[in-house]
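**Student:** Handing you a structure now.
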Amino acid sequence: MASGKRVALVTGASTGIGTATAIRLAREPGTELVLVARREELLRELAASLPCRATHVAVDLTDAEAPQRVRAHIEAEHGGSLHLVVNNAGAAWRASFAEGGSTNVRRHMELNFEAVVRLTEALLPLLRACAPSAIVNVASTAGRVARARTGSYSASKFALIGWTDSLYAEEKANGVHVGLVMPGFIQTEGFPATELREKAVTRWIVSKPAKVAEAIYECGPGRKPERYVPRPYALAAHARILFPSLTRRVLSGGAAGSLTTKTAGESAD
Ligand SMILES: NC(=O)c1ccc[n+]([C@@H]2O[C@H](COP(=O)([O-])OP(=O)(O)OC[C@H]3O[C@@H](n4cnc5c(N)ncnc54)[C@H](OP(=O)(O)O)[C@@H]3O)[C@@H](O)[C@H]2O)c1
């Protein structure tokens, strides 16, 4: 980021990729952070540990009034300045469609897509007023390729990616860059990837939140259009377009089953 005050908001900052992103952004001179998630104690502890000014909003982003609460906080605490929004909060509740049905699809869409759209709608006027500014949407490699039992999650992330591409084209003229980050398997509270880390043959494909945080920095202040983390996960997305039948066969075969991991969301149910 350039010198001078730069206000950055990170959703899902209480754990995982969001915490790592807050720590990464805090290294830039002049940064002020707005940390958003539901667990206030974790946000308060993180804010106190950072080397820059950091305020927080403890809110459930699926609540109807959440976007206005966040905007009012930025106006009251940061004078309405906003240079970066990282839409990172999200979750997965793995289930087949036969088990989870439309209820599970709706649950994913509410948090991973609609909450992002509503928050962005409330904050876009502030970002435009502070341009050059940026939005980074944290989707997933699962927003390019879908596997069994992750259909609802994939649907929400496919939606997020399509909307992000369009917003990128629309907001360019207004100086609001819209970046996209698509993580693969990253060890976090919500996505522990325990099954993959337990086996030597799959351990290497699990990466760390700090790597995603660096990609978020590149796609926000660094103004890159998009990044996969780790980068080789892009091959799966390319294969889906170039060799659709083969990719589908591979992803629905027995070997793909060994890449299925339990998420914290489904463990909590
Ligand atoms: N880790 C991976 O393997 C992976 C892969 C691809 C994509 N992603 C994406 O990366 C993003 C971050 O995930 P993560 O891996 O860092 O998982 P995580 O550790 O579970 O973090 C999720 C964050 O979202 C917040 N959150 C969840 N529901 C919320 C709600 N209703 N309102 C407000 N905040 C809410 C959580 O905080 P509170 O519980 O305190 O609200 C937490 O800070 C997600 O969008 C996820 O889909 C992760």
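What follows is calculated from the coordinates using simple rules that are stated; it is not laboratory data. Being a predicted model, the structure only gives us computed values, none of them experimental. Heads up, the Cβs are rebuilt from the backbone with ideal geometry, glycines too, and the neighbour counts pull from every protein chain shown.
**Student:** Compute, for the chain, the length of the dipole vector about the Cα centre, with Cβ point charges of +1 (Lys, Arg) and -1 (Asp, Glu) only. Units Debye, rounded to 20.
**Tutor:** Roughly 960 debye, rounded to the nearest 20.
**Student:** Return the distance in nm (one decimal) between the two label points of a simple spin-label model at residue 41 and residue 27, each offset 7 Å from Cα along Cα→Cβ.
**Tutor:** Placing both labels 7 Å beyond Cα along the Cβ direction yields 3.0 nm.
**Student:** Direction-averaged shadow area of the convex hull around the Cα atoms of the chain, nm²?
**Tutor:** Its average projected convex-hull area is 14.0 nm².
**Student:** Compute the distance in nm between two label points, each set 7 Å from the Cα along the Cα-to-Cβ direction, one at residue 198 and one at residue 98.
**Tutor:** Output for this residue pair reads 2.5 nm.
**Student:** Please report the net charge: other residues with Cβ closer than 11 Å to the Cβ of residue 156, K and R +1, D and E -1.
**Tutor:** Result for the local shell: +1.
**Student:** Another question about this same structure. In the stretch 121-188, if every C-alpha pair distance is counted and binned at 5 Å from zero, what percent goes to each bin?
**Tutor:** In order of increasing distance, the bins hold 4, 17, 23, 20, 14, 11, 8, 2, 1 percent.
**Student:** To continue, here is another question. Need one number for the stretch 112-269: average projected area of the convex hull over its C-alpha atoms, nm².
**Tutor:** 10.0 nm²
**Student:** Report, in whole Å, the centroid distance computed from the Cα atoms of the stretch 1-60 and the stretch 129-197.
**Tutor:** Taking the Cα centre of the stretch 129-197 as reference, the centre of the stretch 1-60 is 19 Å away.
**Student:** Let me ask something else. Name the residue from 129, 140, 86 whose Cα lies farthest towards the positive end of the charge dipole of the chain, charges +1 on Cβ of Lys and Arg and -1 on Cβ of Asp and Glu.
**Tutor:** Result: 140.
**Student:** Okay, next question. Just how large is the dipole of the stretch 1-99 about the Cα centre, in debye to the nearest 20, putting +1 at every Lys and Arg Cβ and -1 at every Asp and Glu Cβ?
**Tutor:** Taking the Cα centre of the stretch 1-99 as origin, the dipole is about 340 debye.
**Student:** Is the stretch 215-269 rounded, prolate or oblate when judged by the Cα gyration tensor, a ≥ b ≥ c being the square roots of its eigenvalues, rounded requiring a/c under 1.5 and prolate requiring a/b larger than b/c?
**Tutor:** oblate
**Student:** For the stretch 170-269, with only Lys/Arg (+1) and Asp/Glu (-1) charged at the beta-carbon, what is the dipole magnitude about the Cα centre, in debye rounded to 20?
**Tutor:** Charge dipole, the stretch 170-269, about its Cα centre: 440 debye, nearest 20.
**Student:** Percent relative contact order of the stretch 24-169, based on C-alpha pairs within less than 8 angstrom and at least six residues apart?
**Tutor:** After rounding, I find 22 percent.
**Student:** Quick one: compute the contact order of the chain, relative version, from alpha carbon pairs under 8 angstrom and 6+ residues apart, as a percent.
**Tutor:** Answer for the chain is 19 percent.
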